[in-house]
Every structure is written in structure tokens, then in C-alpha cells.
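Scroll down for the structure; my scribbles are underneath it.
The values are calculated or read from the model by the stated rules, or taken from the named source; none is laboratory data. No experiment lies behind these values; they were computed from the predicted model shown. As a convention, Cβ positions derive from the backbone with ideal geometry for all residues, glycine included, and neighbour counts pool all protein chains shown. To get the accessible areas, we keep the full protein, side chains included, count just its heavy atoms, and leave off ligands, DNA and RNA. Shrake-Rupley method; radii C 1.70, N 1.55, O 1.52, S 1.80 Å.
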Amino acid sequence: QPAEPSGYSVIASSDLPSDTAVVSIPFSLAITPTVSRAALETLFEASAAKLALDGWSERQLICSYICMHWVVERNTCGQPAVLAHHPYLATLPSPDKLLTPLHFIPVELAAFQGTNLYGATLARRDAWRAEWQACQSAIAQTNPDWADTFTWDRYLTASTYLSSRAFPSTLLSPTPSLAPSPDSHPVLLPGVDALNHARGQPVSWAVSTAPNAPSSISLVLHNAHPAGAELFNNYGPKPNAELILGYGFALPHNPDDTIVLKLGGAPAAQHAPQNSAVVGWEVGRDARGAEPVWEAVLAAVCESDTEDEDRTVEDELCAADALEEMAQNLYERLPKGPPEGALTDSATLVQREALHWVRWNSDANMSVNVVRMKLSHVKHIWLLPNHRI
């Protein structure tokens, strides 16, 4: 049934006992790079665009396949059979209901300035636009009319569907797993992707490969649900930055939240898992994972040849004061949020959630209750958000 502010939710029509498989589809209905390429090869026939497919990524193949459902007239002879996912695409949220940051207006996106998410959004937009331009250029060599309607807005919509609904191809194996492998790629599973997210929801996946029957995959919910209850999937433990960027929502007080901090300079590199000039650490709530940051800062404050046992209380106090000021500098770089009434109606809810995340993201209490630092005492390191997720 429709769910506000966008999309749909899945509701139990009757009481469901525990360990119920609530949705199942055959592998043949999945949208994979192989399925997408086969359809595009048929559409492009012996053209230059068909040759260009060799250089397209899995993402480009799937997104272009989705876009061609909107580009090619459905009554063209032979093509409805090739573009087989019209019914599935009709169930997905319309473009005006998509709430990931790439769909924000500038004043809304500006709310993320000073956070990791702002740079990640710009980087993703640039990467996706480069993909779209390459695809459009190739399509233009086959059919200029198709290229004219193969727009950035359509490619952005398809890319958002993929980022928010894709599963790793490792799920379509005899031992299904949500952990991607070096050889895995994104796939779309119509119907299976309809369930919304609930953190900690106990679910599992079951693959059926019975002889003389099509292989299929099912989502199993391990809790019982009464009639009328919404059924949820579990997308896994994800920080709000990842949820906002990929899905367009955030969880208030998300215990899996993290912020990526970077320490630059030789002292920081010495305490990194890999020797690098600029080092990033993910730090969670209640200073989870902050110990390596503290060690790098303390090493920067102390003399380079100072042994751990020779560090003094004064060294630690100096490092604590310095980190506190650097965290405060990050906090002050954040905007206070868009002006009253500046948010569009469709983005108001996600913006409220996102701004809650922004405020937490910058809160010194998140990561530096146990480590503080005075910038004036440190000449060779710097602290800044890392623009990646």
C-alpha cells in the first residue's frame, strides 16, 4: 500500500507465523548486467552503440536498460519482449518522490556543507553524469531520437533506483550472502526490494534450486507478524550518511552512525593501518573507534622520538586540548540549516532527518569525549572531514 512521504510499504494481509517466507521470485525476473546487456544488444543491433557496450560498467548496463523502457515506444514491434520490466518500474516511486541528496535543490544540499556527505554527494553526481554522457553519446550513434530522450534526469532516476534497491549478486548463489565479493555486481530483485528497512529485524535468505524447477530466492522473516502489520527487511547496520546518500532517509539516534575523520601528516601516517600521508578513521557514537585517532594526535603532540612510557600528563592534556579545538573548528564549519520555509514539500521530512544527522555528525561529544586537542600546539597535522562514505 502507499506509504508517506513516498513509495510503498508491505502489509501483512493475515497473521504470519515466525520463519515465514514473505516474498519469492525466480532468478529469471532479476535485472542483472547480463539481462541488461542482452536487451541492449537487441535494441542496438549492429551499431556502434552495441560495440560500446564492452566498455560499460555493470551500473551503466542496468541503468541504461531501465532508461530504455522510458525512451523506446512500447508499441514498437518486438521491443516490449526485450524491455520486460515495465510492470516492475511502474511500482517504483516517481522521480519527484526520490529524496537522496542528488535530488535536492541547492539550498537543501548546502545543509551538508562541512560534512563527509556533502563531498560524497558531489563525487557521486560527477561520476554518474560521466556515465550518462558516455551512454548517451553511444546511443546517439544508433538513434539520435533515442539519445535526445535519454536525459540526465532519467539516468539519475534509474541510478537512484539502483543505489537504493540493489542487492549484491552473491545473493543469487546456493549459499546466499549480502556480503559483496570482488567479482559481485549489483542486481535488482523485483518485489523483494519492496520492503522498507528496520534495523535489527531478524531476516534470512533462502535459495531454491530444485531439479526441474526454476531457481528462486525468498526472503524469510523470523518474527511473527499480526494481520495489518508492516513487514520489514533489514538492510544491515548502516550509518545515516550511507542511508541518506543511497536511500534518502535517516534513522534518528542511529547507533550505527559514524563520521570519517582524517589526520594528515607523518605522525598520523605512522599510526595508520597502511602508511599514507592522509589517514581516515571511522568514529562512532560514544567514541567507538576513536582510540587510533587519539594515538595519532598524541604522537603528533609529543616529540617524534618520545617512547610511550616517557609521555607525561602534560603531553596528554596538551593533546586533549588540541583535539577539542579541532573538533570545535569542524562544528563551526557546518551551516545552521536552510532558512525557514526554504525546503520543498517533498524533501521536508528527509531534510529534518538529515539535519538531525548533520548536527550529530559534528557534535564533539560523539568522538572526542575521551580525546581533546589544541590546534596551536600541533604544527604538522590537520583534522578535516573525509569526503567519502
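List of remarks:
- Taking only Cα atoms of the stretch 11-169, radius of gyration then Dmax in Å: 17.8, 55
- Derived scalar couplings ³J(HN,Hα) [the stretch 116-123; Karplus, 6.51 cos²θ - 1.76 cosθ + 1.60; whole Hz; x for Gly, Pro]: 4, 5, 5, x, 5, 5, 5, 5
- Rolling a 1.4 Å probe over the protein heavy atoms gives the stretch 45-201 an accessible area of 44 Å² per residue.
- About its Cα centre, the dipole of the stretch 22-197 is roughly 260 debye, where the only charges are +1 on Lys and Arg Cβ and -1 on Asp and Glu Cβ.
- Positive contributions from Lys and Arg (+1) and negative ones from Asp and Glu (-1), summed over other residues with Cβ under 11 Å from the Cβ of LEU156, come out at +2.
- The apolar share of the surface of the stretch 22-197, taken as the fraction of accessible area on carbon and sulfur atoms (1.4 Å probe, ligands and nucleic acids excluded), comes to 55 percent.
- Those chymotrypsin sites (Phe, Trp or Tyr not before Pro) in the stretch 107-167 that DSSP places in a loop and that have at most 12 other beta carbons within 10 Å: none
- Of the GluC sites (Glu not before Pro) found in the stretch 1-72, the ones in coil according to DSSP and having at most 13 other Cβ atoms within 10 Å of their Cβ are GLU45.
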